[in-house]
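Everything below concerns the one structure shown next.
The values are calculated or read from the model by the stated rules, or taken from the named source; none is laboratory data. These numbers were taken from a predicted model, which means no experiment stands behind them. As a convention, Cβ positions derive from the backbone with ideal geometry for all residues, glycine included, and neighbour counts pool all protein chains shown.
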Amino acid sequence: WHFCGHCAFSSSIICADGTHSHRRRKQRARHRQRLDNMGMWLATAKFVAQTAGVLLAETYACQKTAEFIPDFHDHIWGGSAISSAIPKGYGAVILVNVIGASLALVTLSFKVSAARKEYKVDLPAMYATGKDKKSVTFNCIQRGHQQALETFPTILVSSLIGGIRYPLSVWLFGCGYIKARQEWAKGYASGDPKNRYSNMWAKHIWTTLVGLLVAAIAVAVELLVK
């Protein structure tokens, strides 16, 4: 080790053999960050492609059932008694994506309330301040509920928009979202944040979120271009 003038000028005092190893560490950190960002975008692109495929499948099914099974078609995509522009299947979207998903979040809030009593974390404190196992476990349970609240407005609005055109797909995404959300929170409640994706369903909190967003975007584009 020896003194390096360049490093001293850059607010670092020494470096190994004048090779500026701290700069290489920064470069490696930036490289890892770029790889992480690339992985995130690739995963998002995969989700978009998968969910777009589901929407295309529904469009195809709508066309074919109208031709060969008109009664079945009308039961899902036919105009409702409220408005011919709102499909009958939209009722299922309201039941699952709005009411069902809301109740799912309420059940998570009950678990937080029970955890407050068990781990003695009183309101209005949202999280425990300690680093002991009980505090960490409570915070994991709380985070399982809080994270759901953070994304729920997007789930709700996207469902109400996308369901107008894709009631079947949006309903399926809603069912998947409820199951995935429960499993994600259950894994988180173990006290180890790494376990939040331990169940195969848990990752689909993002698949369903992206799917609903894609459905809403598709409706917006259709309104603009047709």
> Looking at SER113, SER83, SER102, SER109, which is the one that is farther than 28 Å from ALA189 by Cβ, out of contact with any Cys (no Cβ under 8 Å at 6 or more places or on another chain) and either of a type in the set (S, T, N, Q) or surrounded by fewer than 12 Cβ atoms within 10 Å (Cβ to Cβ) (or both)?
Replying inline: SER83
> Can you tell me how many residues in the range 97-127 are closer than 26 Å to ALA180 by Cβ and part of a loop (DSSP other than H, G, I, E, B)?
Replying inline: 2
>> Return the residues of the range 163-201 that are closer than 25 Å to ALA220 by Cα and charged (D, E, K, R); say none if nothing qualifies.
In response: ARG165
> Does the range 182-193 hold any residues that are in a helix (DSSP H, G or I) and closer than 15 Å to GLN142 by Cβ, and which are they?
Replying inline: TRP184, ALA185, LYS186, GLY187, TYR188, PRO193
> Restricted to the range 170-201, and to residues that are modelled with pLDDT of 95 or more and among the aliphatic types (A, V, I, L, M), which residue is nearest to the chain's Cα centre (by Cα)?
Replying inline: ALA180
> In the range 194-226, which residues are in contact with a helix residue (DSSP H, G or I) (Cβ under 6 Å, 6 or more places away or on another chain), closer than 23 Å to VAL136 by Cβ and either assigned to a helix (DSSP H, G or I) or among the hydroxyl-bearing types (Ser, Thr, Tyr) (or both)?
Replying inline: ASN195, ARG196, SER198, ILE205
> Taking the range 24-74 on its own, how many of its residues are assigned to a helix (DSSP H, G or I) and either over 24 Å from ILE217 (Cα atoms) or at pLDDT 90 or above (or both)?
Replying inline: 34
> If PRO153 satisfies every condition in (1) touching a Ser or Thr at 6+ places or on another chain (Cβ under 7 Å); (2) under 21 Å from TYR188 (Cβ atoms); (3) not in a loop (DSSP other than H, G, I, E, B) but one, which is the exception?
Replying inline: (1)
> Has the range 175-188 got at least one residue that is touching an Asp or Glu at 6+ places or on another chain (Cβ under 6 Å) and touching a residue at least 60 places away in the same chain (Cβ under 8 Å)?
Replying inline: no
